[in-house]
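One structure is given here, and the rest of the page talks about it.
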Amino acid sequence: MSRSLRALAVGVTAAALLTSMQAPAQAAASACTHHFSGPQVCISTTGESGSANPGKVWTSWTNPPRDRTRATVHITEPDGFTYTITARRRGGQLIASTIPGDLLDDGKLCARYQGSRRTACVQIIDRS
């Protein structure tokens, strides 16, 4: 596959993720792994941009193995606390969402899917 086709595929995947999440057109913070071929992991938040209260946290794994209908997602908060949620298949992606219970410390909020070596992170900044 050519580089331009890969770049197009990544762009279409990112657009599909935002559409499938039914989030506002511009997510507060979002990031995807920077691999242009094969599976890709993304994370985004719907709260105030980069704030310690990120609102809803969405994750996706595009192009997972075809036989995967569910996957465990490990969410790591800036303070190092890690918890798991379950993603379910929607179309060609595995998608999950959660709402963190507390305000988050400054740092990275990350998502890693069990079965994938890739991790996506967004920066959280306390603006209070």
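In the range 84-99, which residues are over 17 Å from Cys32 (Cβ atoms) and either touching a Phe, Trp or Tyr at 6+ places or on another chain (Cβ under 9 Å) or without any contact (Cβ under 8 Å) to a residue 12 or more places away in the chain (or both)?
Thr98
Kindly provide the set of residues from the range 92-114 that are open to solvent by 70 Å² or more (accessible area, probe 1.4 Å) and of a type outside the set (Asp, Glu), ordered by number.
Across the range 92-114, the qualifying residues are Ile99, Gly101, Leu103, Lys108, Arg112, Gln114.
Considering only the range 55-69, state which residues are without any contact (Cβ under 8 Å) to a residue 40 or more places away in the chain and of a type outside the set (S, T, N, Q).
Matches in the range 55-69: Arg66, Asp67.
I need a count of the residues in the range 53-63 that are open to solvent by 10 Å² or more (accessible area, probe 1.4 Å), modelled with pLDDT under 90 and not basic (Lys, Arg).
Taking the range 53-63 as the starting set, the residues that turn out to be open to solvent by 10 Å² or more (accessible area, probe 1.4 Å) are 53, 55-56, 58, 63.
Retained after the next criterion (residues that are modelled with pLDDT under 90): 53, 55-56, 63.
When the remaining residues are screened for being not basic (Lys, Arg), the result is 53, 55, 63.
Count: 3.
Can you spot a residue in the range 65-73 that is in contact with a Phe, Trp or Tyr (Cβ under 9 Å, 6 or more places away or on another chain), of a type in the set (Ser, Thr, Tyr), at pLDDT 95 or above and surrounded by fewer than 19 Cβ atoms within 10 Å (Cβ to Cβ)? Don't jump to the end; show me each part of the working.
Here is the first cut: in the range 65-73, the residues in contact with a Phe, Trp or Tyr (Cβ under 9 Å, 6 or more places away or on another chain) are 68, 71-73.
Restricting the remaining residues to those that are of a type in the set (Ser, Thr, Tyr) gives 72.
Subsequent filtering for residues that are at pLDDT 95 or above retains 72.
Going one step further and asking which of them are surrounded by fewer than 19 Cβ atoms within 10 Å (Cβ to Cβ), we end up with 72.
Checked against the condition, which is being in contact with a Phe, Trp or Tyr (Cβ under 9 Å, 6 or more places away or on another chain), of a type in the set (Ser, Thr, Tyr), at pLDDT 95 or above and surrounded by fewer than 19 Cβ atoms within 10 Å (Cβ to Cβ), the range 65-73 yields at least one hit.
Scan the range 88-112 for residues that are part of a strand (DSSP E or B) and over 19 Å from Ala29 (Cβ atoms) and jot them down. Lay out the reasoning, then the answer.
The initial filter retains those residues of the range 88-112 that are part of a strand (DSSP E or B), namely 88-90, 93-98, 107-112.
Answer for the range 88-112, where residues must be part of a strand (DSSP E or B) and over 19 Å from Ala29 (Cβ atoms): Arg88, Arg89, Arg90, Gln93, Leu94.
Among the residues of the range 36-48, is any of a type in the set (Phe, Trp, Tyr), open to solvent by less than 30 Å² (accessible area, probe 1.4 Å) and either modelled with pLDDT of 90 or more or more than 10 Å from the chain's Cα centre (by Cα) (or both)?
Taking the range 36-48 first, the residues of a type in the set (Phe, Trp, Tyr) are 36.
Still in the list and also open to solvent by less than 30 Å² (accessible area, probe 1.4 Å): none.
No.
Working only within the range 115-124, note down all residues that are open to solvent by 70 Å² or more (accessible area, probe 1.4 Å) and within 18 Å of Ala29 (Cα to Cα).
Passing the criteria: only Gln123.
The values are calculated or read from the model by the stated rules, or taken from the named source; none is laboratory data. From a predicted model like this one, the values you see are computed outputs, not experimental measurements. Counting neighbours? That spans all protein chains shown, and the Cβs are built from the backbone with ideal geometry, glycine included. Only protein heavy atoms, including side chains, enter the accessible area calculation; ligands, DNA and RNA are left aside. Shrake-Rupley method; radii C 1.70, N 1.55, O 1.52, S 1.80 Å.
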